[in-house]
Amino acid sequence: MRLSAGIFLGAIWLASPALAQAQETCGQFAWPIAREQKLFAQPDILRARSGAELKFAAPVLAASVDLKEMDEVQWSRMPERKPKAAESFGGVIEIDGIAPGLYQVTLSDEAWIDVIQNDAFVRSSAHSGKRGCPDVRKSVRFQLGKGPLIVQLSGAEKNAIRIAISRLRD
């Protein structure tokens, strides 16, 4: 029993610097991401497949999206950026219920984000990202108008990714 307790305490002691480093990295985003970290850690997060149509319910929509191999995705428009790796994943989700305002799209892992509204790419107004932050890789802000929104994710290393879409203000 003492040996088990010693191993456990030793593991905590060794993990503490890594945990502190990860929290420091997460604190280096341009804006707070604690809400997204909590959302992404939920075991009962909404699951969606590429091609899903979701309804935005303010203030935030969070989901785990099952992605497809890039050549199997039915893109609304071809992604603006080519994937870094030949073998990567992508997906498309449509979000209904978008009102005009500033929105933030946050991803758990590396992927390119294209936001399309009224059949046109929407340029980001700000972005932030850090490698080494558990559960959150990047966060991008977009000024959106009224109407459906298409979010395309491409170049992901894994076949699933967590996404949070938050309305920040009008």
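Any read-out appearing in this document is the output of simple, stated calculations on the displayed coordinates, not a laboratory observation. Note that the structure is predicted; figures quoted are calculated from it, not measured. FYI the Cβ positions are ideal-geometry reconstructions off the backbone, even for glycines, and counts take in every protein chain you see.
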(request) Tell me the trypsin sites (Lys or Arg not before Pro) within segment 114-145 that lie in a loop according to DSSP and have at most 16 other beta-carbon atoms within 10 Å. (result) ARG123, ARG131
(request) Over all alpha-carbon pairs in the chain, figure out the percentage whose distance exceeds 29 Å. (result) 23
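When the chain is fully extended, how far beyond the present Cα-Cα distance does ASP119 get from ALA86, taking 0.36 nm per residue of separation?
9.2 nm
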(request) Could I have the simple spin-label model distance between ARG77 and ALA34, label points 7 Å from Cα toward Cβ, reported in nm to one decimal? (result) 3.7
(message) Please rank ARG35, ARG169, fewest neighbouring Cβ atoms within 10 Å first, as an exposure proxy.
(response) ARG169, ARG35
(request) Calculate the length of the line joining the C-alpha centroid of segment 24-65 to that of segment 113-127, in whole Å. (result) 18
(request) Would you mind ranking MET70, MET78 so that the residue whose beta carbon has the fewest other beta carbons within 10 Å leads the list? (result) MET78, MET70
(message) I'd like the Karplus ³J(HN,Hα) series for segment 32-48: coefficients 6.51, -1.76, 1.60, θ = phi - 60°, whole numbers in Hz, and an x wherever there's a Gly or Pro.
(response) x, 10, 4, 4, 5, 4, 5, 4, 5, 7, 5, x, 9, 4, 3, 9, 9
(request) Describe numerically, in nm with one decimal, the distance between label points set 7 Å from Cα along Cα→Cβ at ARG131 and at THR25. (result) 0.9
(message) Based only on other Cβ atoms within 10 Å, what is the fewest-to-most ordering of GLU36, GLU87, GLU69?
(response) GLU87, GLU69, GLU36
(message) Need one word for segment 73-159: rounded, prolate or oblate. Basis is the Cα gyration tensor (sqrt eigenvalues a ≥ b ≥ c); a/c below 1.5 gives rounded, then a/b vs b/c decides.
(response) oblate
(request) Report the relative contact order of the chain, percent, no decimals, based on alpha-carbon pairs under 8 angstrom and at least 6 residues apart. (result) 30
(request) May I ask which of LYS55/LYS130; LYS82/LYS146; LYS138/LYS158; LYS68/LYS146 have a Cα-Cα span longer than 27 Å here? (result) LYS55/LYS130; LYS82/LYS146; LYS68/LYS146
(message) With θ taken as phi - 60° and the coefficients 6.51, -1.76 and 1.60, list the Karplus ³J(HN,Hα) couplings across segment 146-162 in order, rounded to whole Hz; mark glycine and proline as x.
(response) 7, x, x, 10, 10, 10, 10, 10, 9, x, 6, 7, 10, 8, 8, 8, 9
